[in-house]
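Below you'll find the structure, written out as structure tokens, and then a few comments.
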Amino acid sequence: MKRKPPAASEPVIEPAILEEAKRSVDAGDRLKPMAKCVVCGSEATPNPVEQLCWVCRRLKISAWRDVEAQVPAQE
């Protein structure tokens, strides 16, 4: 029984796509540097208005809701 000669295999990823991916990594396409949270110091989104991490932002929103819920009860 004879073996078949190895067939020329096609690349899994097209060379054009692979080259574009390599250029994008080399070109310095990086994520924006993360800012520090003003409350806890962890990574936060670079928002000039409020530099809060997602945890502190959720706590702030939760606190606003609690205050709004208590105001009608006191009247």
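Out of the range 41-73, which residues are of a type in the set (Ser, Thr, Tyr) and exposed (fewer than 12 other Cβ atoms within 10 Å of the Cβ)?
Hit for the range 41-73 is Ser62, nothing else.
Got at least one residue in the range 15-25 being among the polar types (S, T, N, Q), surrounded by 10 or more Cβ atoms within 10 Å (Cβ to Cβ), modelled with pLDDT under 85 and part of a helix (DSSP H, G or I)?
There is at least one residue in the range 15-25 that is among the polar types (S, T, N, Q), surrounded by 10 or more Cβ atoms within 10 Å (Cβ to Cβ), modelled with pLDDT under 85 and part of a helix (DSSP H, G or I).
The values are calculated or read from the model by the stated rules, or taken from the named source; none is laboratory data. Being a predicted model, the structure only gives us computed values, none of them experimental. Cβ coordinates were reconstructed from backbone atoms using ideal geometry, including for glycine residues, and neighbour counts include every protein chain displayed.
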